[in-house]
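Participant: Okay, here's the structure, questions in a sec.
The values are calculated or read from the model by the stated rules, or taken from the named source; none is laboratory data. Remember, it's a predicted structure, so these values are computed and weren't measured experimentally. Cβ atoms come from the backbone with ideal geometry, glycine included; neighbour counts cover every protein chain shown. Protein only, heavy atoms only, side chains kept; ligands, DNA and RNA dropped before computing areas. Shrake-Rupley method; radii C 1.70, N 1.55, O 1.52, S 1.80 Å.
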Amino acid sequence: MAWLDRAQAVDASFQGRAGVLSAGYGPGDAYPVFVRRASGAHVEDVDGNRYLDFLQGFGSVVLGHADPQVSAAVTAALADGVAPSLHLESQVTLAERLVRTVPGAEMAAFLKTGSDATSLAVRLCRAYRKRDLVLRWGYHGWHDWCAPRPGGIPAEVRARTAAFTYNDAEGLVARLQRDGEAVACVIMMPVEIDPPEPGFLEAVRAACDHHGIPLVFDEVRTGFRLAPGGAQSHFGIAADLVCLSKAMANGHAISAVAGRRAIMQGMADVSASSVFFRGADGFAAAHATLDRLEGGAPYRRLWSLGQALSDGLARAASEARVPARPAGLPVMPFLRFDHGDPALDQAAMRTFCKAMLKRGVLLHPAHHWFTCLAMTEEDIAGTVAAARNAFAEVASACVA
């Protein structure tokens, strides 16, 4: 709390939210804000409390914090210069690697953040289609076209982007029938918590094809986490462009847009450059991370750990007679309470996460969680054991 007081006096970013939680959560929620170190599956805060971390850098970390192989690769790369004036061979070899790995990719371009990648994808599609309207679903970052909060964004900019409803194929088809001639692209997260209903992604793909509209998958969270080919491989649906970041480099800052050559060649006509886009650390981290993720074994382990967690949470909730159920894909698990009252469900989630925090498990109450390869079966078993006690607290505190 002392560090938080200092931060709020001088760091404007703390005006939006304190730490990992949204505004509205205060000191009484007892969430840690400042980290001292992160290693493997754990983080330690500045007060010396150690937590099993299911936030994993909001999905950026897939191997585990401070993975030795990745850290060694980054250190070696930085020894040759932090901001080289010229391009690096590792940039070319990483582009070649993405073209080999990402379904449908013929070219790639590199940036730093997920917001960079989604915004470049939209700009490329607008240049390709010579249209302005973007239809979107999901969280795509903080830039003007997609920012969740409207402050400081001209109404004219916001009017050129419209949201559609996930798993409502009929609604999207109707919108495209009405406005398809004005649409530059459809951009969406292929999955967040709830999986796509059977036929939904196929219907989106078919509708885009019918109108000649590029389909962009925002795989900043799902890329290199669900499978080597991300959600495209997992769900068997091809996008025209894919936005990648986070797990691609185990938390190091790099992102990419990959996809069809016809659209990607638009890089000749759009503005998208920064000296930091070609930093050696990002390319080195991505190569080292993808080396570790090669083959099916790492993904089978990520899914297995998540399935064990989901199954254990379901059993623990049932034993405590708490109306809660696991949600989401096992590699990105979550929990939902079903009291029939949204306010009570929110209170139950807050009670559950605070109770888990007391037992050394860091969970986010409003954002899905993540497994990583540094987690062990013992970590999962310990989490389930802690959940039994946490559900008992929910049962006592949150009665419908």
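Participant: Round to the nearest 10 and report in Å² the accessible area of SER13, as given by a 1.4 Å probe over the protein chains' heavy atoms.
Facilitator: About 80 Å², ignoring ligands and nucleic acids.
Participant: Find the centroid of the Cα atoms in the stretch 51-125 and in the stretch 164-191, then give the distance between the two in whole Å.
Facilitator: Answer, in whole Å: 29.
Participant: How do HIS65, HIS368 stack up against each other in accessible area, from largest to smallest, with a 1.4 angstrom probe? Walk me through the numbers on the way to the answer.
Facilitator: On the way: HIS65 25, HIS368 5 Å².
Order by accessible area, largest first: HIS65, HIS368.
Participant: Another question, if that's okay. If you build a Gaussian network model of the chain, linking Cα atoms that sit under 10 Å apart, which residue out of GLY212, GLY152, GLY360 swings the most?
Facilitator: Result: GLY152 has the largest fluctuation of those listed.
Participant: Given R₀ = 22 Å, what would the calculated FRET efficiency be for ARG97 paired with ALA297, taking r from the Cβ atoms and rounding to 0.05?
Facilitator: Values: r = 19 Å, r/R0 = 0.86.
Working from the Cβ atoms, E equals 0.70.
Participant: While we're here: For labels at ARG36 and SER71 in the simple 7 Å Cα→Cβ model, what's the distance in nm?
Facilitator: 1.6 nm
Participant: Ok, one more. Alpha carbons only, please: Rg and Dmax for the stretch 1-111, in angstrom.
Facilitator: Both quantities, over Cα of the stretch 1-111: 18.9, 51 Å.
Participant: Right, next: I want to verify a result. In a Gaussian network model of the chain, Cα cutoff 10 Å, which of these has the top mean-square fluctuation: ASN250, ASN167, ASN49?
Facilitator: ASN49
Participant: Just how large is the dipole of the chain about the Cα centre, in debye to the nearest 20, putting +1 at every Lys and Arg Cβ and -1 at every Asp and Glu Cβ? List each step's numbers first, then the result.
Facilitator: Numbers: 38 positive and 41 negative charges, 50 e Å.
That gives a dipole near 240 debye.
Participant: If you don't mind, there's one more thing I want to ask. May I ask you to order 218-230, 185-197, 342-354 by the average number of other C-beta atoms within 10 Å around their residues, highest value first?
Facilitator: Working: 218-230: 25.5, 185-197: 20.5, 342-354: 17.8.
Descending packing order for the listed peptides: 218-230, 185-197, 342-354.
Participant: Classify the stretch 256-400 as rounded, prolate or oblate, taking a ≥ b ≥ c as the square roots of the eigenvalues of its Cα gyration tensor: rounded when a/c is under 1.5, otherwise prolate if a/b is larger than b/c and oblate if not.
Facilitator: Details: a/c = 2.82, a/b = 2.01, b/c = 1.40.
The shape class here is prolate.
Participant: Quote the FRET efficiency, to the nearest 0.05, computed for LEU344 versus ASN167 with a Förster distance R0 of 25 Å and r equal to the Cβ-Cβ distance. Intermediate results must be reported in sequence, preceding the final value.
Facilitator: Numbers: r = 25 Å, r/R0 = 1.00.
So, using R0 = 25 Å, E works out to roughly 0.50.
Participant: Using Cα-Cα distances under 8 Å and only pairs 6 or more residues apart, what relative contact order does the chain have, in percent? List each step's numbers first, then the result.
Facilitator: Working: 721 pairs, mean separation 84.8, N = 400.
With pairs under 8 Å counted, the relative contact order is 21 percent.
Participant: Hey, another quick one. Find which of THR75, LEU120, LEU98 sits farthest along the positive direction of the dipole of the chain, computed with +1 on the beta-carbon of Lys and Arg, -1 on that of Asp and Glu, about the Cα centre.
Facilitator: LEU120
Participant: Quick check on the stretch 150-298: take the gyration tensor over C-alpha atoms, sort the square-rooted eigenvalues as a ≥ b ≥ c, and tell me if it's rounded (a/c under 1.5), prolate or oblate.
Facilitator: Because a/c hits 1.5 or more and a/b fails to exceed b/c, the stretch 150-298 counts as oblate.
Participant: Something else about it: How far, in nm, would the chain grow between HIS210 and VAL46 when pulled straight, counting 0.36 nm per residue and subtracting the alpha carbon separation? Write down the numbers at each step before the final one.
Facilitator: On the way: separation 164, 0.36 × 164 = 59.04 nm, distance 5.49 nm.
Contour length minus Cα-Cα distance gives 53.6 nm.
Participant: Report the gain in length on full extension from TRP3 to LYS130: 0.36 nm times residue separation, minus Cα-Cα distance, nm rounded to one decimal. List each step's numbers first, then the result.
Facilitator: Details: separation 127, 0.36 × 127 = 45.72 nm, distance 4.92 nm.
Result for the pair: 40.8 nm of gain on full extension.
Participant: Using unit Cβ charges (K, R positive; D, E negative) and no other charged atoms, how large, in debye to the nearest 20, is the dipole of the stretch 217-267 about its Cα centre? Intermediate results must be reported in sequence, preceding the final value.
Facilitator: Numbers: 5 positive and 3 negative charges, 15 e Å.
The dipole magnitude comes to about 80 debye.
Participant: For log10 I(q)/I(0) by the Debye sum over Cα atoms at q = 0.07, 0.11, 0.12 Å⁻¹, the choices are [x] -0.31, -0.78, -0.93; [y] -0.34, -0.87, -1.03; [z] -0.63, -0.93, -1.01; which was calculated from the structure?
Facilitator: [y]
Participant: Please state the shape class of the stretch 63-169: rounded when a/c is under 1.5, otherwise prolate if a/b exceeds b/c and oblate if not, all from the C-alpha gyration tensor. Don't jump to the answer; show the numbers that get you there.
Facilitator: Numbers: a/c = 2.06, a/b = 1.89, b/c = 1.09.
Since a/c reaches 1.5 and a/b is larger than b/c, the shape of the stretch 63-169 is classed as prolate.
Participant: Now for a different question. Leaving ligands, DNA and RNA out of it, work out the accessible area of TYR31 with a 1.4 Å probe and give it in Å² to the nearest 10.
Facilitator: That residue has around 20 Å² of solvent-accessible surface.
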